[in-house]
Amino acid sequence: MPEQPVERRIRNFDEVPLGYTPEMAMEEASRCLQCPKPACVEGCPVRVNIPAFIAAIRRGEFEKAIGIIKETNSLPAICGRVCPYENQCEGACILGKKYEPVGIGFLERFAADYEREHSKLEIPPLPEPRGESVAVVGSGPAGLTAAADLAKLGHPVTVFEALHEPGGVLMYGIPEFRLPKRIVRAEVDYVRKLGVEIKTDVAVGLTLTVEELLREFGAVFIGTGAGLPNFMHLPGESLNGIFSANEFLTRVNLMRAYKFPEYDTPIRIGKTVATIGAGNVSMDCARTALRLGAERSIIVYRRTEQEMPARKEEIKRAKEEGVEFHTLSAPVRYVGDERGWVRQMICTRFRLGEPDESGRRRPVRIEGSEFPMDTDTVVVAIGQSPNPLVPRTTPGLKTSEWGTIIVDQEGRTSLPRVWAAGDIVHGDATVILAMGTARIAAASIHRFLTSPAGWPTL
Amino acid sequence: MNPRIRPGEPESYLARLRPHYFFRFSFFRHTFNFDCLKWMGYTILSKETLAPGITRFEIEAPLIARKALPGQFVIIRVTEKGERIPLTIVDTDPERGSLSIVVLEAGRTTKLLSSLEPGQTLLNCVGPLGRPTEINLYGEVACVGGGVGVACLYPVVRGLKQAGNKILTMIGARTAQLLIFEQELRRWSDELLVSTDDGSRGHKGLVHELLKRALEEGRRPNLVYAVGPVLMMKAIAEVTKPYQIKTLASLNPIMVDGTGMCGSCRVEVGGRMRFACVDGPEFDAHQVDFDLLLKRNQRYLEEEKLSATLHG
């Protein structure tokens, strides 16, 4: 897929991969073997009928292709950009065993973009509205998916979002150069066109409680995500210039701080930006820092590149753009100046020990290996915890010791008529995993609302 | 038993609102779609200039108004390109479905907000955010406010008074002209003391000196509540510490989302990192690192100046 050249893209916030032309897409689609037992579908958390949509692209029937995708995936333009295909559909592709797998992700993106750019956004025929309405809490990937699925089944759905723009992490978290916000808006508009009402500025737990929603709606779906930033609780972590990844990205993405002073929300960036952690969010932060004008952008990670949780593609792009990687090291404290701004990060070195439960080799601190690193901006990107706002204000909603909501295999919580899915259930993960669990919960909600069933006790 | 509510079961809580709101809702639960949010234009119902640069707005926001408790705040946005800024809910009128905020013209957003007129709307308003003040029967409570924080003091004073406490209120401003909410606070206070930096009203000096004097004279409130500039709250904490009087301070750090998502508002309380937006905004003043808060609040001073100059 053609890309924006490195030297140009690190100066702008435009998207990096430029997308297939119709000819390229048809050519790529012709590589698909059309397996009778497609492994790629098994690899997809939302079970898109991949061979069918690829066959449609090969025939040049692009509208038909997107129709097939949208049967199971309401946010294809987003998934075609941020899904870790290499571990899912493309990872399972038979061709990939010997050659390159079919570019399923890029093809999905192509089909979605083609539809949007040719303004042929088609709304599938919707069934007659059914009586019972559903409240969806949170408008991120999980909430939008559940809302779209339920709307397609004919349920009146209202989505509640605490921020001023719907989209959740798609809006505040993932940067413009990886997922343009106009695309998120278009996908949200599609969900709206399915008849879903989206109410912004409603913080469920504060403005309205789940209890109140249960009085007005037949069912409540909670998809409030992993919005609580983790800190390392090191000395000096509250110095100026140290951000959580969430604050850094929210300022830049949701509030458009990269366009300050045209937009009112500022962000201050130093010459050297150190990002702690090596997940996808960390790569986003490190690459955003370059685009904001940082001279050096450094990823600091306590294991090695092999253990990095980020997608290989993201690591590759970050490297191309000049992000430096300092592996086997992590900060232990921060040193600031008299005005309270961070100036130095004291790090310690690690070596890899025995593998832990996750199968990754455990980092072991090397005593006495402390070394200073000069930096004037630090982004702490070591993961997010489940958003506590709803669990805290919903009596009877059972949560785990990590703060995730406990659900059964259908997404049912300990409260009757309340379902949950996405990061609030499984901890911070990928967009597509949240969508997958949301689909299961939406199906369960539909079954419940159409055929009164008992509520299992958790 | 089928847990689903059927028509005819307990009425919508919204129906308990005034009839003119009720008519805006659907009468049928089955087609109920929170229509009340549709007209949530956050219209400015009234505007009043309290002092030069200090304006009180009454804003239509019924969902927030019916929930708001003393000590809570909203986050508002004025324009599409605007910032999200936190403002304390100073008063509510659940009957009218409105809440009041008091705005001090300081930066770009507050200037813009202050220029709005009744009938115009805010773009966004979310709340009520933060944990409400713990309104208990403490006995005697000293409530201290400085600057525009005096307005934030009002709902707390009223709540504490209604709970049966004896209220000693102390308010301070730079000059008499900038004193706000004096009459309102007097109504709910057993005693009200005033200080101005220039001596144009009441005690000449800072408001914590009033508290210090009261304590030296032998007054022993069971609780001291402080809201105002960081340095004022720090001074209050220092005054009450030797007397070991429980002291609460309502902190005002820089926020972005206000729902615990970004950590911009993190403060250190007793050596622990806390988020003012969800864990606060009130904390034990003796445990708060006010110097850190002061520094963190100056993070974007230069950008604020630039923005103010550019936008006139």
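Tell me, which helices (runs of 4 or more DSSP H) wholly within the range A:379-458 include 2 or more residues that are of a type outside the set (Phe, Trp, Tyr) and closer than 30 Å to A:Leu239 by Cα?
Once the helices (runs of 4 or more DSSP H) in the range A:379-458 are filtered for at least 2 residues that are of a type outside the set (Phe, Trp, Tyr) and closer than 30 Å to A:Leu239 by Cα, what remains is A:389-393, A:423-426.
Being on the phi > 0 side of the Ramachandran plot and of a type outside the set (D, E, K, R) is true for just one of B:Gly149, B:Gly164, B:Gly82. Which residue is that?
Within the list B:Gly149, B:Gly164, B:Gly82, the selection yields B:Gly164.
Quick check on this structure: which one of A:Pro331, A:Pro266, A:Pro235 is of a type outside the set (Ser, Thr, Tyr), open to solvent by less than 10 Å² (accessible area, probe 1.4 Å) and touching a strand residue (DSSP E or B) at 6+ places or on another chain (Cβ under 8 Å)?
A:Pro331
Looking at the structure I just gave you, is A:Arg392 open to solvent by less than 50 Å² (accessible area, probe 1.4 Å), of a type in the set (Lys, Arg), touching a residue at least 24 places away in the same chain (Cβ under 8 Å) and within 13 Å of chain B (Cβ to nearest Cβ)?
Spelling it out, it is not the case that A:Arg392 is open to solvent by less than 50 Å² (accessible area, probe 1.4 Å), of a type in the set (Lys, Arg), touching a residue at least 24 places away in the same chain (Cβ under 8 Å) and within 13 Å of chain B (Cβ to nearest Cβ).
If we scan the range B:162-184, do we find a residue that is free of Cβ contacts under 8 Å to residues at least 40 places away in the same chain, open to solvent by less than 20 Å² (accessible area, probe 1.4 Å), touching a helix residue (DSSP H, G or I) at 6+ places or on another chain (Cβ under 6 Å) and not hydroxyl-bearing (Ser, Thr, Tyr)?
Yes, the range B:162-184 has at least one match.
So B:Val90 passes all but one of these: (1) among the hydrophobic types (A, V, I, L, M, F, W, C); (2) farther than 30 Å from B:Arg220 by Cβ; (3) open to solvent by less than 50 Å² (accessible area, probe 1.4 Å); (4) more than 14 Å from chain A (Cβ to nearest Cβ). Which condition number does it fail?
(2)
Would you be able to tell me the number of residues in the range B:272-298 that are within 12 Å of chain A (Cβ to nearest Cβ) and open to solvent by 50 Å² or more (accessible area, probe 1.4 Å)?
7
What residue, among those in the range B:303-312 that are within 8 Å of another protein chain (Cβ to nearest Cβ) and assigned to a helix (DSSP H, G or I), is surrounded by the most Cβ atoms within 10 Å (Cβ to Cβ)?
Here the answer is B:Ser307.
Tally the residues that are in contact (Cβ under 8 Å) with a residue 24 or more places away in the chain and more than 30 Å from A:Val323 (Cα to Cα), restricting the search to the range A:6-23.
1
Determine which single condition A:Glu165 fails, assuming it passes every other condition in (1) within 18 Å of the chain's Cα centre (by Cα); (2) assigned to a helix (DSSP H, G or I).
(2)
Looking at the range A:294-302, is at least one residue open to solvent by 30 Å² or more (accessible area, probe 1.4 Å), more than 25 Å from B:Arg272 (Cβ to Cβ) and touching a strand residue (DSSP E or B) at 6+ places or on another chain (Cβ under 8 Å)? Walk me through how you get there before you give the answer.
In the first step, residues of the range A:294-302 are kept if they are open to solvent by 30 Å² or more (accessible area, probe 1.4 Å); the result is A:295-296, A:302.
With the extra rule that they be more than 25 Å from B:Arg272 (Cβ to Cβ), the set shrinks to A:295-296.
After this cut, where a residue has to be touching a strand residue (DSSP E or B) at 6+ places or on another chain (Cβ under 8 Å) as well, the list is A:295-296.
Yes, that holds for at least one residue.
Do any helices (runs of 4 or more DSSP H) entirely within the range A:45-138 hold 2 or more residues that are closer than 24 Å to A:Pro2 by Cβ, of a type in the set (A, V, I, L, M, F, W, C) and open to solvent by less than 10 Å² (accessible area, probe 1.4 Å), and if so, which?
A:50-58, A:62-72, A:76-82, A:104-117
Restrict the check to the range B:220-233 and report whether at least one residue is open to solvent by 30 Å² or more (accessible area, probe 1.4 Å), out of contact with any Ser or Thr (no Cβ under 8 Å at 6 or more places or on another chain) and in a helix (DSSP H, G or I).
Yes, the range B:220-233 contains a residue that is open to solvent by 30 Å² or more (accessible area, probe 1.4 Å), out of contact with any Ser or Thr (no Cβ under 8 Å at 6 or more places or on another chain) and in a helix (DSSP H, G or I).
Quick check on the range B:117-154: of everything there that is within 14 Å of chain A (Cβ to nearest Cβ) and outside any loop (DSSP other than H, G, I, E, B), which residue is farthest from the chain's Cα centre (by Cα)?
Among those that are within 14 Å of chain A (Cβ to nearest Cβ) and outside any loop (DSSP other than H, G, I, E, B), it is B:Thr121.
Please verify whether B:Glu268 is open to solvent by 60 Å² or more (accessible area, probe 1.4 Å), of a type outside the set (A, V, I, L, M, F, W, C) and either within 14 Å of chain A (Cβ to nearest Cβ) or in a strand (DSSP E or B) (or both), treating the condition exactly as stated.
So B:Glu268 fails the test.
Out of the range B:243-258, which residues are over 16 Å from the mean Cα position of the chain (by Cα) and of a type in the set (Ser, Thr, Tyr)?
If the condition is that a residue be over 16 Å from the mean Cα position of the chain (by Cα) and of a type in the set (Ser, Thr, Tyr), then B:Tyr243, B:Thr247 are the ones that fit.
Could we say that A:Glu3 is surrounded by fewer than 19 Cβ atoms within 10 Å (Cβ to Cβ), touching a strand residue (DSSP E or B) at 6+ places or on another chain (Cβ under 7 Å) and not hydrophobic (A, V, I, L, M, F, W, C) here?
yes
Hey, A:Lys319 hits all of (1) within 18 Å of A:Arg11 (Cβ to Cβ); (2) open to solvent by less than 60 Å² (accessible area, probe 1.4 Å) but one; which does it fall short on?
Exception for A:Lys319: condition (2).
Go through the range B:98-107 residue by residue and tally those that are at pLDDT below 90 and either crowded, with 22+ Cβ neighbours inside 10 Å or more than 26 Å from A:Tyr172 (Cα to Cα) (or both).
1
On the basis of being open to solvent by 50 Å² or more (accessible area, probe 1.4 Å) and touching a strand residue (DSSP E or B) at 6+ places or on another chain (Cβ under 6 Å), does B:Arg158 make the cut? Outline the logic, then answer.
Values: open to solvent by 50 Å² or more (accessible area, probe 1.4 Å): yes; touching a strand residue (DSSP E or B) at 6+ places or on another chain (Cβ under 6 Å): no.
Answer is no for this residue.
With a cut-off of at least 1 residues that are touching a residue at least 24 places away in the same chain (Cβ under 8 Å), aliphatic (A, V, I, L, M) and within 14 Å of chain B (Cβ to nearest Cβ), name the strands (runs of 3 or more DSSP E) lying wholly within the range A:205-315.
Correct list: A:219-222, A:242-244, A:272-276.
So is A:Glu313 open to solvent by 80 Å² or more (accessible area, probe 1.4 Å) and either touching a Gly at 6+ places or on another chain (Cβ under 7 Å) or of a type outside the set (Lys, Arg) (or both) or not?
Details: open to solvent by 80 Å² or more (accessible area, probe 1.4 Å): no; either touching a Gly at 6+ places or on another chain (Cβ under 7 Å) or of a type outside the set (Lys, Arg) (or both): yes.
No: the conditions fail for A:Glu313.
Quick check on my filter: what residues within the range B:115-132 are within 19 Å of B:Ile54 (Cα to Cα) and open to solvent by less than 10 Å² (accessible area, probe 1.4 Å)?
Within the range B:115-132, B:Leu122 is the sole residue that qualifies.
Can you name the condition, by its number, that B:Arg213 falls short on among (1) in contact (Cβ under 8 Å) with a residue 12 or more places away in the chain; (2) at negative phi; (3) not aromatic (Phe, Trp, Tyr)?
Tallying (1) in contact (Cβ under 8 Å) with a residue 12 or more places away in the chain; (2) at negative phi; (3) not aromatic (Phe, Trp, Tyr), B:Arg213 fails exactly one: (1).
Take the residues of the range A:334-378 that are of a type in the set (Gly, Ala, Ser) and under 30 Å from B:Leu301 (Cα atoms): which is most open to solvent (accessible area, probe 1.4 Å)? Before the answer, list the steps.
Keep residues of the range A:334-378 that are of a type in the set (Gly, Ala, Ser), which gives A:336, A:340, A:353, A:358-359, A:368-369.
Add one more test, that the residue is under 30 Å from B:Leu301 (Cα atoms), and what stays is A:336, A:340.
Numbers: A:Gly336: 35, A:Gly340: 5 Å².
Taking the candidates together, the pick is A:Gly336.
May I ask you to say which residue of A:Ile78, A:Ile94 is under 29 Å from A:Pro36 (Cβ atoms) and either free of Cβ contacts under 8 Å to residues at least 60 places away in the same chain or not hydroxyl-bearing (Ser, Thr, Tyr) (or both)?
Exactly one residue qualifies, and that residue is A:Ile94.
Given the conditions (1) part of a helix (DSSP H, G or I); (2) under 22 Å from A:Leu249 (Cα atoms), report the number of the one that B:Glu238 does not fulfil.
B:Glu238 satisfies all of (1) part of a helix (DSSP H, G or I); (2) under 22 Å from A:Leu249 (Cα atoms) except (2).
The values are calculated or read from the model by the stated rules, or taken from the named source; none is laboratory data. Computed from a predicted structure; not experimentally measured. Here the Cβ is made from the backbone with ideal geometry for all residues, glycine too, and neighbour counts use every protein chain on show. In case anyone asks, the SASA skips ligands and DNA or RNA and just uses the protein heavy atoms, side chains included. Shrake-Rupley method; radii C 1.70, N 1.55, O 1.52, S 1.80 Å.
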